[in-house]
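**Student:** Take this structure, written in structure tokens, and hold onto it; I'll ask about it next.
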Amino acid sequence: MEVTPDGLARFFEVVLPHMNEVQRRVVAGAAAEMFGRGGKSAVAVASGMSRNTVIKAEAEVVAGIAPSERLRAQGGGDKPLIDKQPGLLEALDGLVHPETRGSPMSLLRWTSKSSTTLADDLIERGFTVSSRTVLRLLHHLGFSLQANAKVIEGSGHPDRDAQFHYLNDRAGEFVTAGEPAISVDTKKKELIGNYANGGRTWEPAGQPTEVNDHDFADRALGEFAKAIPYGVYDTTNNQGWVSVGGTADTAEFAVEAIRRWWNQMGRTRFPNATRLLITADAGGSNRYRVRAWKAELADFAAETGLAITVCHYPPGTSKWNKIEHRMFSFISMNWRAVPLTSLRVIVDLIAATTTTTGLTIQAAHDPNWYPKGVKISDTELAALALTPHNWHGEWNYTLNAQPNLT
């Protein structure tokens, strides 16, 4: 089986953070020996280690390195560069801040600059640093190389960036005040059954999990042939909730998922909350033009006494939603190559998703039936305690807590 450079880099990205220095060198040396000609260079590039370190590691492996708890005595070795050069990590973080790419989303951080360019920028600022050190520091800061993604769903709105700024300011305001701020969305619907699931996982050689040779929905299940996961992500605490429904992705289903998050997790995390910020896409069951979405939120506000502020991402920017890359992406990684044979399997796999940065998720099946096409009249809409904001009131609005008059 051919190992690609990206695959090798992914291997080291996953494995190395869990190893001490000796273990890292053994793995690097063994990999270089396994690949043979060109292996040392390939391992050095993929792991971020210096080539000299990989050469020495391979030599130690070939010679038969003895098992050891530590390579150095406690306290031995040079001090970390970030300790020797105060301000280095902060300077690098500033260089790769998202606004350098034209995005004001302070919690969505990525960079198009190469490690060499970043190192040159840091050197100009008076630091002594190499491109390889920059790579290690970028991983330390939570960055990774990203490929292009097809996410633009239409022509950009002229106020796109300004809405990002507005949304980000509101999120910062809520977090600073200790009020809950959540990101919500519906994950891709999944077929229930013994169907192929993308990705690869470790299996005995020559014994892959056998699945159906087609992806047609099971007619016997009718409208329950697909699972509909609706997620709620707490941006402050890195925690999530997912309701898995089986009937329809409606506004009522979406708000019920938020209600379940609040009752199961949010109320405990924010016992003194008076407000709730929801950031949501411009489309789907929680799109800003759906009257039922606002009516259901008004009911939820009345139940909880919370003033609920909603800020929508501009049209065509759904993949900027934090829940996409902070929660949904890890769920997909956790269940890769696993057939989603039942709602129970789907719920368990979602709830078992964690990350090294502390993400935890609770999940549950929502067995309720939600009718489609619910209409909210002009009179009912006008009766809601809904206050549009001065800036793009169609995207940004607050539903104030009031008694349910229905």
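**Student:** Looking for whichever is part of a loop (DSSP other than H, G, I, E, B), closer than 30 Å to Trp262 by Cα and either modelled with pLDDT under 75 or in contact with a Gly (Cβ under 8 Å, 6 or more places away or on another chain) (or both) here; the options are Gly142, Gly198, Gly206, Gly193. Which one fits?
**Tutor:** Gly142
**Student:** If you don't mind, another one. Looking at (1) touching a residue at least 60 places away in the same chain (Cβ under 8 Å); (2) among the β-branched types (Val, Ile, Thr); (3) surrounded by 15 or more Cβ atoms within 10 Å (Cβ to Cβ), can you tell me which one Val345 breaks?
**Tutor:** Condition (1) is where Val345 drops out.
**Student:** Out of the residues in segment 277-328 that are of a type in the set (Gly, Ala, Ser) and not in a helix (DSSP H, G or I), which is surrounded by the most Cβ atoms within 10 Å (Cβ to Cβ)?
**Tutor:** Only one residue fits best here, namely Ala280.
**Student:** Only residues that are surrounded by 16 or more Cβ atoms within 10 Å (Cβ to Cβ), of a type outside the set (D, E, K, R), out of contact with any helix residue (DSSP H, G or I) (no Cβ under 8 Å at 6 or more places or on another chain) and assigned to a helix (DSSP H, G or I): list them for segment 245-275, please.
**Tutor:** Across segment 245-275, the qualifying residues are Ala257, Trp261, Met265, Gly266.
**Student:** Among all residue pairs at least 6 apart or on different chains, which show Cβ distances below 9 Å where the first residue, located in segment 279-291, is of a type in the set (Phe, Trp, Tyr) and the second is surrounded by fewer than 19 Cβ atoms within 10 Å (Cβ to Cβ) and not in a strand (DSSP E or B)?
**Tutor:** Taking only residues 6 or more apart or on different chains, the pairs are Tyr288/Glu394.
**Student:** Identify, please: which residue in segment 324-367 is touching a helix residue (DSSP H, G or I) at 6+ places or on another chain (Cβ under 7 Å), among the polar types (S, T, N, Q) and at pLDDT 90 or above and is, among those, nearest to Glu256 (Cα to Cα)?
**Tutor:** The selected residue is Gln362.
**Student:** With the checklist (1) at pLDDT 85 or above; (2) farther than 30 Å from Leu16 by Cα; (3) among the hydrophobic types (A, V, I, L, M, F, W, C); (4) assigned to a loop (DSSP other than H, G, I, E, B) in hand, flag the one item Val151 doesn't pass.
**Tutor:** (1)
**Student:** So the check is Cβ under 7 Å with 6+ separation or different chains; which pairs have a first residue in segment 350-373 that's basic (Lys, Arg) and a second one that's surrounded by 10 or more Cβ atoms within 10 Å (Cβ to Cβ)?
**Tutor:** Going by the 7 Å Cβ cut-off, the qualifying pairs are Lys372/Ala248; Lys372/Thr250.
The values are calculated or read from the model by the stated rules, or taken from the named source; none is laboratory data. Values in this document were obtained by computation on a predicted structure and should not be read as measured data. In this analysis, Cβ positions are derived from the backbone assuming ideal geometry, glycine residues included, and neighbour counts consider all displayed protein chains.
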